[in-house]
Amino acid sequence: MDVTEFEAFWARCREVVPAGSRAARYTVRRMGNAPAISETLLRLVTTGQKTGVFSRPQDLEATGGMPRAGDYVIFTDHSGRPRCLVQIEECRSLKFCDVGSDLTACESPAAQDVEVWRGIHRRYWTPVLAAEGKSFDDEMPIVFQRFRLVRAED
């Protein structure tokens, strides 16, 4: 991704970011591990149907560190093009097995049921972990991040 494209995107975002937050840190993260998943997730975020995300701590460390409330995240599509800016409102670490309906309420309507959410995320993380020589475990640490959409672009 061309750094100037991110700089231009951040400049457009700063127009809607409160003056006191314009120097705030932001990280860049890709949504999804395949083009179709990426587009689906971004559509849910940009239409306000998805207001949270669950990540592995090591993935967050690889993309700028553990987020904190108030941080900004630029979500990109699968090709790395910036698509939207969100602001983290809540961030907490927990185990996969401890995720409850209070947290899955941030997901799309199809994934708000905890058992459905667990199935989707087991299927998502199992091959990711297998590629690292690991196996999925319900005790796996994850990080929940609730966010609000600040700006979206097509």
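The values are calculated or read from the model by the stated rules, or taken from the named source; none is laboratory data. Predicted, not measured: the structure shown is a model, and the values here were computed from it. For neighbour counting, all protein chains shown are included, and Cβ atoms are generated from backbone atoms with ideal geometry for every residue, glycine included. Surface accessibility is based on the protein's heavy atoms, side chains included, excluding ligands, DNA and RNA. Shrake-Rupley method; radii C 1.70, N 1.55, O 1.52, S 1.80 Å.
Output ³J(HN,Hα) for region 27-38: one whole-Hz value per residue in order, computed from phi by the Karplus curve 6.51 cos²θ - 1.76 cosθ + 1.60 with θ = phi - 60°, and x for Gly and Pro.
After applying 6.51 cos²θ - 1.76 cosθ + 1.60, I find 10, 10, 9, 8, 8, x, 10, 8, x, 5, 5, 4 Hz.
Out of the total accessible area of region 1-114 (probe 1.4 Å, heavy atoms of protein only), what percent is carbon and sulfur?
Carbon and sulfur atoms account for 52 percent of the accessible area of region 1-114.
What distance in nm lies between label points placed 7 Å from Cα along the C-beta direction at ASP59 and ASP113?
2.3 nm
Can you send over the solvent-accessible area of PHE54, 1.4 Å probe, protein chains only, in Å² to the nearest 10?
The value for PHE54 is about 20 Å².
Rounded to the nearest 20 Debye, what is the dipole magnitude of the chain about its Cα centre when Lys and Arg each give +1 and Asp and Glu each give -1 at the C-beta?
260 debye
For region 72-146, what does the alpha-carbon gyration tensor say about shape, rounded, prolate or oblate, given a ≥ b ≥ c as the root eigenvalues, a/c under 1.5 as rounded, and a/b over b/c as prolate?
Taking the square roots of the gyration eigenvalues as a ≥ b ≥ c, region 72-146 is oblate.
Restricting to Cα pairs below 8 Å that are 6+ residues apart, what does the relative contact order work out to for region 1-127? Please round to a whole percent.
Worked out over region 1-127, it gives 24 percent.
With a/c under 1.5 counting as rounded, go ahead and sort region 20-154 into rounded, prolate or oblate using the C-alpha gyration tensor (a ≥ b ≥ c being the square roots of the eigenvalues; past the cut-off, prolate if a/b is larger than b/c, else oblate).
rounded
Angle, helix 114-131 long axis vs. longest principal axis of the chain, Cα atoms, 0 to 90°, nearest 10?
90 degrees
Scan the chain and report its longest stretch carrying no GluC sites (Glu not before Pro) that are both in a DSSP loop and have at most 13 other Cβ atoms within 10 Å.
16-131
Put THR40, THR104 in order of accessible area, largest first, 1.4 Å probe: what do you get?
THR40, THR104
What is the distance, in nm, between label points placed 7 Å from the Cα along the Cα-to-Cβ direction at SER79 and at TYR124?
Simple spin-label model gives 2.3 nm for this pair.
Rounded to the nearest whole Å², what accessible area per residue is found for region 69-146 with the 1.4 Å probe?
45 Å²
Putting +1 on Lys and Arg Cβ atoms and -1 on Asp and Glu Cβ atoms, find which of GLY64, CYS84, LEU103 reaches farthest to the positive end of the dipole of region 43-109.
Working it through, the farthest residue towards the positive pole turns out to be CYS84.
Say R0 is 25 Å: what FRET efficiency, to the nearest 0.05, do ALA19 and ASP154 get from their beta-carbon distance?
0.40
Measure nothing but the geometry: give the 0 to 90° angle between the long axis through the Cα atoms of 3-14 and the longest principal axis through the Cα atoms of the chain, rounded to 10°.
Rounded to the nearest ten degrees, it is 80.
With every protein chain left in place, what is the accessible area of THR63 in Å² (1.4 Å probe, nearest 10)?
50 Å²
Using DSSP, restrict attention to beta bridges with both residues in the chain and report what percent are antiparallel, rounded to the nearest 5.
80 percent
Could you rank ILE120, ILE142 by how accessible they are, 1.4 Å probe, largest area first?
Sorted descending by solvent-accessible area, the residues read ILE120, ILE142.
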